[in-house]
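Only one structure is covered here, and it is reproduced in the block below.
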Amino acid sequence: MTVPSQPSVRHPWRPRDLLRKLHLWLGLSVGLAFAVLALSGTVLAFQTDLLRWRHPELFGHALPTPAQRAAILERIHDAHWPAPLRSIDTPTAELPVWQLSLAGEKRVYLDPADGHELLTRSKDHDLVLWLRDLHTHLLSGKNGETALGILGLAELSLILIGLTLWWPRRGHWRHAVRMYAQPPTRRWRSWHQSVGAMLFPLLLLSTLTGITLIYKDTTRSVLAAAFGDRQGPPSKARALPPRDMPLQWAASLAAAQAVLPDAELRRITLPSEKNAALTVRARGPREWNAVGRSVVVIDPYSATVLSVYDAQAQGGGARLIDKLYPVHAGQVGGVPWQLLIGVVGVLPAFFLATGFLFWRTRRRHLKHAQHMLGKA
């Protein structure tokens, strides 16, 4: 008696199978963009070192006196620039020249003592500035920043799914982080999983801080609520109408320093036709941000302080969000953290390469096995 053949039974997909497919296609689709952005971040973590290497003439200067600082600010204000002037970074021990940020990702560097021009950089001719615009705006302004937010959330999903797929059963932890040399399929998979698992905290921190910087207003509100902050972000001072009067540069800077005596005046936004107020960002001794998050707004005609925001006096939520950018950019922790951020920036390219090699090698294996079964 002939037994009828049983039809093959297709097992329903388990959640793990769906996660594996999602991880694969997310990796193959957004993985390349993730890798390029992360590599650009690695370069930006060393941008001051690269500037010192390429343009040593910007370094080794003495810092300006208060009188020189006031005179150069007046000269900068009266000069005509090829693009709108956004801000001025004052000379510091790390970069002892004036750095002017102009629209269109342009930078102009001036001598700290007499203000003569030392160097002009533009993203059209400077790779580091081009990479900076790519990393922060995808070369597309505000629209690029929106796309970066979506990409960042996809990246976060990718690494969390990867962790879920890797998570070992009890008693298998040592095996789960072991890396193999052969066969090729096992090699690429073990390298991909083991490196990802061991460096997951750093990768997660870098990704999360990047996302929170894009959605900074939402992050600020969430952290303020979580920490019970009573004060909000610095309120925008009312625009000051221009007047036909001389500007008191030295007295205005002295007034800003007087209300934040322990802080360094780091970034200045000059009066404009729409708003004649002088805005100064300052860095307190406990702030991590290289420019500082404290803000003083001054009436430059009378050297009167209009508003003060002391970042160090804020609640825990505000102080935490002010630390996110320095952590993400490698500005704190000295050379060790800078090197770690550099390594993290290389990881997505490593995962893209090993993931693709595993996928391709496995497909070849399966095709070969099917071919051999067809011959049998």
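A few remarks follow.
- Condition met for A250 (of a type outside the set (S, T, Y) and either modelled with pLDDT of 95 or more or farther than 30 Å from L37 by Cα (or both)): yes
- Where a residue in region 81-94 is on the phi < 0 side of the Ramachandran plot and at pLDDT 95 or above and its partner, wherever it lies, is part of a loop (DSSP other than H, G, I, E, B) and surrounded by fewer than 20 Cβ atoms within 10 Å (Cβ to Cβ), with Cβ under 6 Å and at least six apart: P91/L63
- The residues of region 60-74 that are surrounded by fewer than 14 Cβ atoms within 10 Å (Cβ to Cβ) and either under 26 Å from V128 (Cβ atoms) or in contact (Cβ under 8 Å) with a residue 12 or more places away in the chain (or both), listed by number, are G60, A62, P66, A67.
Quick grid of which residues meet (1) closer than 20 Å to H23 by Cα; (2) modelled with pLDDT of 90 or more:
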| residue | (1), (2) |
| --- | --- |
| L100 | no, yes |
| K106 | no, yes |
| W130 | no, yes |
| E145 | no, yes |
| L151 | yes, yes |
| I159 | yes, yes |
| G162 | yes, yes |
| Q182 | no, no |
| R186 | yes, no |
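- Within region 13-49, being under 21 Å from Q331 (Cα atoms) and either aromatic (F, W, Y) or exposed (fewer than 14 other Cβ atoms within 10 Å of the Cβ) (or both) holds for F46, D49.
Residue-wise test of (1) among the small types (G, A, S); (2) within 21 Å of Q68 (Cα to Cα); (3) free of Cβ contacts under 8 Å to residues at least 24 places away in the same chain.
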| position | (1), (2), (3) |
| --- | --- |
| A254 | yes, yes, no |
| L265 | no, yes, no |
| L270 | no, yes, no |
| A282 | yes, yes, no |
| E287 | no, no, no |
| V291 | no, yes, no |
| S294 | yes, no, no |
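- The condition (being hydrophobic (A, V, I, L, M, F, W, C) and not in a loop (DSSP other than H, G, I, E, B)) is satisfied by just one residue among V308, V291: V308.
- Among the residues of this structure, L357 counts as one that is out of contact with any Lys or Arg (no Cβ under 8 Å at 6 or more places or on another chain) and modelled with pLDDT under 95.
- Test: residue in region 144-157 that is touching a helix residue (DSSP H, G or I) at 6+ places or on another chain (Cβ under 6 Å) and assigned to a loop (DSSP other than H, G, I, E, B): no
- Whichever residue in region 254-287 is part of a loop (DSSP other than H, G, I, E, B) and of a type in the set (A, V, I, L, M) and, among such residues, is nearest to L306 (Cα to Cα): A277
- Cβ-Cβ under 7 Å pairs, at least 6 apart or on other chains, region 25-44 side within 24 Å of K123 (Cβ to Cβ), far side surrounded by fewer than 22 Cβ atoms within 10 Å (Cβ to Cβ) and charged (D, E, K, R): L44/R132
- Leading residue by the ranking (farthest from V305 (Cα to Cα)) among those in region 226-246 that are modelled with pLDDT of 85 or more and surrounded by fewer than 11 Cβ atoms within 10 Å (Cβ to Cβ): G228
- Enumeration of residues in region 291-305 that are out of contact with any Pro (no Cβ under 6 Å at 6 or more places or on another chain), among the hydrophobic types (A, V, I, L, M, F, W, C) and either modelled with pLDDT under 95 or buried (at least 20 other Cβ atoms within 10 Å of the Cβ) (or both): V296, V297, I298
Okay, residues lined up against (1) in contact (Cβ under 8 Å) with a residue 60 or more places away in the chain; (2) in contact with an Asp or Glu (Cβ under 8 Å, 6 or more places away or on another chain); (3) on the phi < 0 side of the Ramachandran plot:
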| position | (1), (2), (3) |
| --- | --- |
| L110 | no, yes, yes |
| S140 | no, no, yes |
| A154 | yes, no, yes |
| L163 | no, no, yes |
| H175 | no, no, yes |
| R178 | no, no, yes |
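- Matching residues, region 162-198, being surrounded by 17 or more Cβ atoms within 10 Å (Cβ to Cβ) and in a loop (DSSP other than H, G, I, E, B): none
The values are calculated or read from the model by the stated rules, or taken from the named source; none is laboratory data. Since we're looking at a predicted model, the values are computed, not measured. Cβ sites come from the backbone with ideal geometry, for glycine too, and all protein chains shown count toward neighbours.
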